[in-house]
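The values are calculated or read from the model by the stated rules, or taken from the named source; none is laboratory data. In this text the structure is predicted, and so the values were computed from the model without any measurement. No Cβ is skipped: glycine too gets one built from the backbone with ideal geometry, and neighbour counts run over all protein chains shown. The protein model used for the area step is the full one, side chains on, heavy atoms only, and it has no ligands, DNA or RNA in it. Shrake-Rupley method; radii C 1.70, N 1.55, O 1.52, S 1.80 Å.
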Amino acid sequence: MQSPQPNRRTGTLTRFQRRVRDMRRVKGARHVTQLVVGGIIVVAAIRHQLETAGGAASVDALCPFGAIETLLTWVTTGTLIAKTHPSNLVLGLGLLVGTLVGTLLVGNAFCGWICPFGAIQDGLSWLRRTLHLPTVQVPRRLDSALRWGRFLVLALVIFMSYTTARLWFAGYDPYLTLFGLHWLFGAEASDYWVALLILGLVVAASLIVDRFWCRYLCPLGAVLSVVGRFSLLRIRRSPSACTDCTLCDKPCPVGIEPSKAKPFVSPDCIGCMDCVATCPVRGALTVGSIVPLGLPNRIRKEDLTTSARREPASTGKEN
């Protein structure tokens with residue numbers, strides 16, 4: 001995306017140019033954040049692999065989902081399951097606080113701005129577009145059904161972690177497989193063939209479906225989609241301002257439709273802000289006044305009043 005150039009006569013940017021500028025700024029800030037966090041995780045993994053005394057924490061201890069896996073055991077027995085660390089609980093608490101406070105910046109921003117595996121999937125989407133590979137558009141009804149897969153995986157992980165008293169999911173988690181770097185430090189492929197197979201399938205699927213893992217299988221995403229319903233600030237669509245151009249739907253990396261929000265976008269929103277930056281109409285998509293606990297999912301009276309006066313055939317678009 002080229003940098004917008006100001007009008008030679010007036011020296012100011014057009015509305016379209018401002019939108020392009022805003023999109024570039026949002027994407028740039030998000031990708032820089034993803035790279036920094038990913039770098040921290042990779043450095044920690046390398047330190048762990050090179051540490052002979054076992055003093056460096058593994059990637060398991062740097063994953064906030066470990067708190068969810070070990071929480072039930074810790075509450076009932078006062079101990080942690082194998083391969084977890086008190087840092088998991090600290091990260092889990094931090095994630096909870098960050099979700100409730102940090103989502104003041106829109107939705108579960110952890111997935112859109114922090115998660116390194118989410119960044120990998122964004123990179124795969126970029127690669128697909130660059131190579132002009134085909135994109136699979138999952139039918140909306142099937143997409144809604146498949147999203148329940150995250151909750152099934154979550155229930156299975158919690159049950160198996162509690163009954164086995166170990167990080168059962170570690171043998172299958174594509175995040176841990178990729179960022180644990182065992183494959184880079186001489187580990188036998190036969191010990192990790194199931195995990196490598198799952199990682200390969202997820203990568204292949206993410207090449208044709210944006211953020212396949214996040215949408216349909218990520219157990220942490222399941223937790224955050226529930227907590228996201230209580231966000232104090234959420235992206236709101238104003239029916240009175242929206243022209244139904246659907247431009248905001250196209251850049252969404254998790255396939256939700258902000259153009260159909262009534263009035264809040266789906267709790268599956270990962271807070272990337274691409275839809276807000278893309279929207280050509282001021283006030284159509286906003287992150288404005290605080291919504292107490294994110295609960296009153298009602299359209300404001302002024303939206304209803306103005307919407308009733310709108311022409312039903314309004315199709316205004318901006319190219």
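For region 209-251, taking the residues that are within 13 Å of the chain's Cα centre (by Cα) and among the small types (Gly, Ala, Ser), the one that is nearest to LEU156 (Cα to Cα) is identified as ALA222. Only residues that are surrounded by 13 or more Cβ atoms within 10 Å (Cβ to Cβ) and closer than 14 Å to ALA109 by Cα were counted in region 23-47, giving 7.
Within region 159-174, the only residue that satisfies the criterion of being among the charged types (D, E, K, R) and surrounded by fewer than 22 Cβ atoms within 10 Å (Cβ to Cβ) is ARG166.
Considering LEU124, LEU154, the condition of being touching a Leu at 6+ places or on another chain (Cβ under 6 Å), buried (at least 16 other Cβ atoms within 10 Å of the Cβ) and under 17 Å from TYR216 (Cα atoms) is satisfied by LEU124 alone. Quick one: is THR135 at pLDDT below 90, closer than 30 Å to PHE264 by Cβ, open to solvent by 40 Å² or more (accessible area, probe 1.4 Å) and not in a helix (DSSP H, G or I)? Yes; evaluated as a whole, the condition is true for this residue. Pairing residues of region 239-261 that are touching a residue at least 40 places away in the same chain (Cβ under 8 Å) and within 10 Å of CYS279 (Cα to Cα) with residues that are in a loop (DSSP other than H, G, I, E, B) and open to solvent by less than 20 Å² (accessible area, probe 1.4 Å), at Cβ distances under 6 Å and at least 6 apart in sequence or on separate chains, gives CYS242/ALA284. ASP244 fulfils the conditions (1) open to solvent by 30 Å² or more (accessible area, probe 1.4 Å); (2) in contact with a Phe, Trp or Tyr (Cβ under 7 Å, 6 or more places away or on another chain) except for a single criterion, (2). crowded, with 22+ Cβ neighbours inside 10 Å, under 18 Å from VAL136 (Cα atoms) and not aromatic (Phe, Trp, Tyr), is that true of ARG234? When the stated conditions are applied, ARG234 does not pass them. Restricting attention to region 175-226, the residues being hydroxyl-bearing (Ser, Thr, Tyr), in contact with a Ser or Thr (Cβ under 8 Å, 6 or more places away or on another chain) and either without any contact (Cβ under 8 Å) to a residue 12 or more places away in the chain or open to solvent by 50 Å² or more (accessible area, probe 1.4 Å) (or both) number 1.
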